[in-house]
Amino acid sequence: MSTSQIVWLVIGMVAALAVAGIIGLVVLWGTAADPGRSAVREEVTADELDRYIAHDASFAIVLTERTPLSRGEVWDRLVDIEYMSSLPMLSGPTWSGEAVVRGASPTVPEGAVRTMSGTLLSVTERVTHVEHGVELALTGTALSLPLVIHSFAERWTLTDGPRGTLIVTWAIAGSPRWVGWLPWRWAVPLMRPILGFVLRHVLRLKAFRSIR
């Protein structure tokens, strides 16, 4: 094979990959409108969550941030503010129906359902455990892209910090279908800056606009 043939072969392969990538993005964009399109294979119960984060999930990350915001301010953001909506190409969380019990200190009951939407991927979650002002745990129930996720879950925990501060811990875990055996936890160092930015955004000192 001549040098020119090799060059054209490489160009053809790159072009094919580019076309495949564009098609993939179009498919993701088209499915993202329905966060309940494809149910996960297995939901994570409240009793299973500790073990799931520590061992069972293919990927898991725990992020911690200290904030001068009060417990009430942070809790209000978690259950009554669409904190993702002020980020590019994201919206939510949006609670279904009248899930949020609003008042001076809003809360949600166990079983409440919320969605978070993005340009390429949207998800649906259900509350599995709630301790007002202390803990909010959710399991993934569905997402917009079919047949790719076995399970996923997240948990927010609020604890008292030093000098009147609050420590917010955000744990996220999940397992893909088919390739869950791969060492996905090795990706934690790559994901930590991205998810850390999201956590700091949730805890920003500038107030969010309420969804009321």
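The values are calculated or read from the model by the stated rules, or taken from the named source; none is laboratory data. In this text, all values refer to a predicted model and were calculated from it rather than measured experimentally. A quick note on method: Cβ atoms are made from the backbone with ideal geometry, for glycine too, and the neighbour counts reach across all protein chains shown. What goes into the accessible areas is simple: the full protein's heavy atoms, side chains included, and nothing from ligands, DNA or RNA. Shrake-Rupley method; radii C 1.70, N 1.55, O 1.52, S 1.80 Å.
Please work out how much length the chain gains when fully extended from Trp178 to Thr165, using 0.36 nm per residue of separation minus the C-alpha to C-alpha distance, in nm with one decimal.
Length gained between Trp178 and Thr165: 0.4 nm.
Can you sort Glu110, Glu43, Glu98 by solvent-accessible area, 1.4 Å probe, largest first?
Numbers: Glu110 110, Glu43 75, Glu98 160 Å².
Sorted descending by solvent-accessible area, the residues read Glu98, Glu110, Glu43.
Rounded, prolate or oblate, given the Cα gyration tensor of the range 53-146, with a/c below 1.5 counting as rounded?
rounded
As a test question: what accessible area, to the nearest 10 Å², does Phe59 have when a 1.4 Å probe is rolled over all protein chains in place?
40
5 Å is the cut-off here: which amide hydrogens, built 1.01 Å from N in the peptide plane, fall below it relative to Ser58, excluding neighbours closer than 5 in sequence?
Close amide H contacts, sequence-distant or interchain: Gly174, Ser175.
Please compute the net charge surrounding Asp160, taking Lys and Arg as +1 and Asp and Glu as -1 over other residues with Cβ under 11 Å from its Cβ.
+3
In debye, nearest 20: dipole of the range 81-154 around its Cα centre with unit charges on the Cβ of K, R (+) and D, E (-)?
Charge dipole of the range 81-154: 180 debye, to the nearest 20.
Determine the shape class of the range 90-198: with a ≥ b ≥ c the square roots of the Cα gyration tensor eigenvalues, call it rounded for a/c under 1.5, and otherwise prolate if a/b is greater than b/c, oblate otherwise.
It is oblate, given that a/c is not under 1.5 and a/b is not larger than b/c.
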